[in-house]
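Take a look at the structure set out below.
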Amino acid sequence: MQWWRDAVFYQIYVPSFTDSDGDGIGDLQGIRSRLGYLELLGVDALWLSPIYPSPMVDNGYDVTDHRGVDPAWGDLDAVDDLIADAHAHGIRVTVDLVSNHTSDQHPWFRAALASPTGSPERARYHFRPGQGADGTEPPNGWCSVFGGSAWTREPARDTGAREWYLHLFSPAQPDLNWTNLEVWADLDKTLRFWLDRGVDGFRIDAAHGMCKKLDDAGPAGAADDPRFDQDDVHDVHRMIRATLDHYPERVAIGAVGVRSAARFARYVRPDELHLAVDTQLAASRFDADEVRAAIEDCLASVGSVGAAASWLLSDHDLSRPASRYGAGPVGQARARAMALVQLALPGAAYIYNGDELGLPDAALPGDARRDAVWHHGEESRDGCRVPQPWEPDLPAYGFTTGEPWLPIPVEYAALSVAAQLEDTGSTLSLYRRALELRRLHPGFTQPPAPGPPLEWFGAPPGCLAFRRTGTTLVCALNTSPEPVPLPPGDALLVSGPLDELMLPPDTAVWLT
Ligand code: NOJ
């Protein structure tokens, strides 16, 4: 059973979901205590942000042991308990896998710094001599995704000349050398370690990274970016797939940011990843033409290799939809409308924790910000990472009995889970109903008809309307400033109030 093809994944940013021990940071027991909520919400699977031991320079995306659990989140027993309980609730568990880089505190990197130039310990990373007479210039002009050079010079040492090491993200995240077979063997061991414990799959971080064209000193960021999406990376994904194929019903999902639909499709060829998360929908403005183009592009791309699509509106790196699409009630209304578009599309869907509550980004004072990116002068991602509000009347809104690691704005109280649960007009109720219809309505449960997975209908300017081929469920969206006539049919679910027979601006509807 290819359960992932239309599964709803719920992304839990572990530090921000629920804290069980009062240290102000979310943890595995906290997630376990919320499984009833997740079942009620109606998600099929979880995607947990990295749970591995980490100095937390990048909140877990800097890993010191890929086969362990950071004490901040719990321990291996807590993972086993969470998996068992989630399965009992009918929810699968997938985990983030950081294979492009390690922490600079990883034993491998420490050993590399302490080992002679040219030694096997250093060959697990990318070390290069600097340019210039005394090697004080980086080996090439590549930039890090977080800003600044992608090279950092190692500290002075006794075992050889000072070299530079490559990090596509922060200097605390040295990139692994994927031409080194030891690195491959270690990933295989890591995959089996977690698969044997019962995880249902992996979200592979920076899945288009890993392999680089290091001899290409051209400016990174050009059309053919030598840092990313190199052909060799597909060998790594074939290895990952071959290992997963020994375990029934497990899934590999790539976080893939590439320059074209054709390149994207290569990651989900039949012997590579099961799914790749497309970011084009999230990158689209609230504009019917842009949204439609993103949908068409993704469907054509994955369809060319027989893979399922997967749709994401936001994650822990992006501004939340309720802020991104506009301020205040307009942003809220548009985020609700886009949720109905996302959840009507054929394929898998990812919901980022808190989006089901319509949380806006939190405005945080500079001294409260924690994001590694912020310290590198880029825009902070902390605004979308603020802890989940559960109860309006409890301290820290029920997230922790201690001091939350990021301050929770007062306006989150009215958006907390308890405040929305019984309110039929709330965003939470909208998500619950949409997920219920995905499970039960023939518009979703009927096997797909042959041919393209989606049919478009004619729609007024600024609007779009589509249905999954062969079903009667139509989704219509109005991004224009004027109300437009509703398509024929009975409204099953609406993102906002309907205006007689008109679909108001900033609104989407499911009709049958
Ligand atoms: C992508 C992750 O989504 C992001 O949060 C992280 O900072 C980088 N990869 C580096 O691991």
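The values are calculated or read from the model by the stated rules, or taken from the named source; none is laboratory data. Owing to the predicted nature of the structure, the values given are computational and were not obtained by experimental measurement. No Cβ is skipped: glycine too gets one built from the backbone with ideal geometry, and neighbour counts run over all protein chains shown. Just so you know, the surface numbers come from the protein's heavy atoms only, side chains and all, with ligands and any DNA or RNA stripped out. Shrake-Rupley method; radii C 1.70, N 1.55, O 1.52, S 1.80 Å.
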Test Gly130 against the criterion of being over 30 Å from the mean Cα position of the chain (by Cα) and modelled with pLDDT under 95, and give yes or no. no
Looking at Asp231, is it open to solvent by 10 Å² or more (accessible area, probe 1.4 Å) and assigned to a loop (DSSP other than H, G, I, E, B)? yes
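Residues are listed down the side, and each one gets a yes or a no for (1) more than 27 Å from His376 (Cα to Cα); (2) within 16 Å of the ligand (Cβ to nearest atom); (3) among the aliphatic types (A, V, I, L, M):
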| residue | (1), (2), (3) |
| --- | --- |
| Ala111 | no, no, yes |
| Pro116 | yes, no, no |
| Tyr125 | no, yes, no |
| Arg128 | no, no, no |
| Thr136 | no, no, no |
| Ala156 | no, no, yes |
| Phe169 | no, yes, no |
| Asn180 | yes, no, no |
| Thr190 | yes, yes, no |
So for the stretch 346-369 (the condition being within 15 Å of the ligand (Cβ to nearest atom) and out of contact with any strand residue (DSSP E or B) (no Cβ under 8 Å at 6 or more places or on another chain)), does at least one residue qualify? yes
Taking Gly160 as meeting all but one of (1) within 29 Å of Arg263 (Cα to Cα); (2) open to solvent by less than 60 Å² (accessible area, probe 1.4 Å); (3) in contact with a Pro (Cβ under 6 Å, 6 or more places away or on another chain), write down the number of the exception. (1)
Considering residues that are crowded, with 20+ Cβ neighbours inside 10 Å and among the acidic types (Asp, Glu), the number found within the stretch 308-318 is 1
For Met210, the lone unmet condition from (1) within 14 Å of the ligand (Cβ to nearest atom); (2) more than 30 Å from Ile83 (Cα to Cα) is (2)
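Considering only the stretch 239-269, how many residues are within 15 Å of Val305 (Cα to Cα) and surrounded by 14 or more Cβ atoms within 10 Å (Cβ to Cβ)?
Taking the stretch 239-269 and keeping what is within 15 Å of Val305 (Cα to Cα), we get 260-269.
Adding the requirement that they be surrounded by 14 or more Cβ atoms within 10 Å (Cβ to Cβ) leaves 261, 263-269.
Number satisfying all stated conditions: 8.
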Close pairs from the stretch 254-283: first under 21 Å from Met338 (Cα atoms) and of a type in the set (Asp, Glu), partner within 16 Å of the ligand (Cβ to nearest atom) and assigned to a strand (DSSP E or B), Cβ under 8 Å, at least 6 apart: Asp278/Ser310; Asp278/Leu312
Among the residues of the stretch 216-223, is there at least one that is within 21 Å of the chain's Cα centre (by Cα), within 26 Å of Leu312 (Cα to Cα) and open to solvent by 10 Å² or more (accessible area, probe 1.4 Å)? no
Just name the residue that is modelled with the lowest pLDDT out of those in the stretch 1-26 that are open to solvent by 10 Å² or more (accessible area, probe 1.4 Å) and touching a Phe, Trp or Tyr at 6+ places or on another chain (Cβ under 8 Å). Asp6
What helices (runs of 4 or more DSSP H) completely inside the stretch 270-336 contain at least 1 residues that are hydroxyl-bearing (Ser, Thr, Tyr) and assigned by TED's automatic domain parsing to the domain that holds Asp371? 288-303, 321-324
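Which members of the stretch 1-20 meet the condition of being under 20 Å from Arg385 (Cβ atoms), touching a Gly at 6+ places or on another chain (Cβ under 9 Å) and in contact (Cβ under 8 Å) with a residue 24 or more places away in the chain? Before you say what the answer is, go through the steps one by one.
Residues of the stretch 1-20 that are under 20 Å from Arg385 (Cβ atoms), as a first pass: 9-20.
Subsequent filtering for residues that are touching a Gly at 6+ places or on another chain (Cβ under 9 Å) retains 12-20.
Those that are under 20 Å from Arg385 (Cβ atoms), touching a Gly at 6+ places or on another chain (Cβ under 9 Å) and in contact (Cβ under 8 Å) with a residue 24 or more places away in the chain: Ile12, Tyr13, Val14, Pro15, Ser16, Phe17, Thr18, Asp19.
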Residues of the stretch 245-269 being within 21 Å of the chain's Cα centre (by Cα) and in a loop (DSSP other than H, G, I, E, B), which ones? Glu249, Arg250, Val256, Gly257, Val258, Arg259, Ser260, Arg269
Restricting the search to the stretch 123-166, which residues are in contact (Cβ under 8 Å) with a residue 12 or more places away in the chain and outside any loop (DSSP other than H, G, I, E, B)? Ala123, Arg124, Tyr125, Phe127, Arg128, Cys143, Trp151, Thr152, Arg153, Trp164, Tyr165, Leu166
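Residue under question is Val305, and the condition is that it be touching a Ser or Thr at 6+ places or on another chain (Cβ under 7 Å), closer than 26 Å to Gly254 by Cβ, aliphatic (A, V, I, L, M) and surrounded by fewer than 24 Cβ atoms within 10 Å (Cβ to Cβ); does it hold?
no
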Looking across the stretch 476-496 at residues that are in contact with a Pro (Cβ under 7 Å, 6 or more places away or on another chain) and not small (Gly, Ala, Ser), the single one that is surrounded by the fewest Cβ atoms within 10 Å (Cβ to Cβ) is Pro481
Given the conditions (1) open to solvent by 10 Å² or more (accessible area, probe 1.4 Å); (2) over 19 Å from the mean Cα position of the chain (by Cα), report the number of the one that Thr400 does not fulfil. (1)
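If you go through the stretch 409-426 one residue at a time, do you hit one that is assigned by TED's automatic domain parsing to the domain that holds Glu39, among the hydroxyl-bearing types (Ser, Thr, Tyr) and loosely packed, with under 14 Cβ neighbours inside 10 Å?
Checking the stretch 409-426: at least one residue is assigned by TED's automatic domain parsing to the domain that holds Glu39, among the hydroxyl-bearing types (Ser, Thr, Tyr) and loosely packed, with under 14 Cβ neighbours inside 10 Å.
Would you mind stating whether Gly402 is without any contact (Cβ under 8 Å) to a residue 40 or more places away in the chain and either within 19 Å of Leu364 (Cα to Cα) or assigned by TED's automatic domain parsing to the domain that holds Asn353 (or both)?
It is false that Gly402 is without any contact (Cβ under 8 Å) to a residue 40 or more places away in the chain and either within 19 Å of Leu364 (Cα to Cα) or assigned by TED's automatic domain parsing to the domain that holds Asn353 (or both).
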Kindly establish whether Arg110 is surrounded by fewer than 15 Cβ atoms within 10 Å (Cβ to Cβ) and of a type in the set (Lys, Arg). yes
